[in-house]
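The values are calculated or read from the model by the stated rules, or taken from the named source; none is laboratory data. Here the structure is a predicted model, which is why all the values come from computation and not from measurement. Cβ atoms come from the backbone with ideal geometry, glycine included; neighbour counts cover every protein chain shown.
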Amino acid sequence: MNTSDNLPVSPLPQVPTPVAPPPAPFAQPRKRWKIIVIMVVIFLCGLVSGVVMTAGSVGKLLMQAINFEHWPERTVKDYRRDLHLTPPQVEKIRGILEKHRPEMLQARNEAIFKFAGVMNRVNADVKAELTPEQAAKFETLNQKRGDKFRKDLKLDSGTK
């Protein structure tokens, strides 16, 4: 009988198999850049749309605030709502606003025309830096802006 047959068999030593560490978040650079670019594009789209919407709204509010065509009615409406005016108070205040309206218009127009003088000097300095083609386009743009501004504020009609 062979003595090696009766010997206990010992198991082979276990060799640990190498385990790869889990990948770090955003370990793949290409995927990381795609995500970053997409997030930046979404942010910029929101920013641009917010600016456009805000600029339009603010522009309309500003034009309404400095346009005196319906100033007494708007002001009385605001006072009535905020101050809870009685009907006799509404009528007296409407009369006060109408009485001072020409003076308000004159002050507004003086401020606008003073501003326009400064803008004319700014535009002349800008135009001096432009090519002849750019200067011609600049003149056309300024004319259109001025016409729209005068129309919106009813500056050509005197007291309106």
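Below is a table of values for the structure above.
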quantity	calculated
Pairs with Cβ under 8 Å, 6+ apart, first in region 94-109 and within 10 Å of Pro72 (Cβ to Cβ) and touching a residue at least 40 places away in the same chain (Cβ under 8 Å), second outside any helix (DSSP H, G or I) and of a type outside the set (A, V, I, L, M)	Arg101/Phe68; Arg101/Thr159
Single residue of Gly59, Gly46 found to be surrounded by 10 or more Cβ atoms within 10 Å (Cβ to Cβ), of a type in the set (Gly, Ala, Ser) and either farther than 30 Å from Ala111 by Cα or modelled with pLDDT of 80 or more (or both)	Gly46
Residue among Glu139, Glu69, Glu133 that is acidic (Asp, Glu) and at pLDDT below 90	Glu69
Residue identified as modelled with pLDDT of 90 or more and assigned to a helix (DSSP H, G or I) among Asp156, Asp147, Asp152, Asp125	Asp125
Any chance Lys77 is part of a helix (DSSP H, G or I) and at pLDDT 85 or above	yes
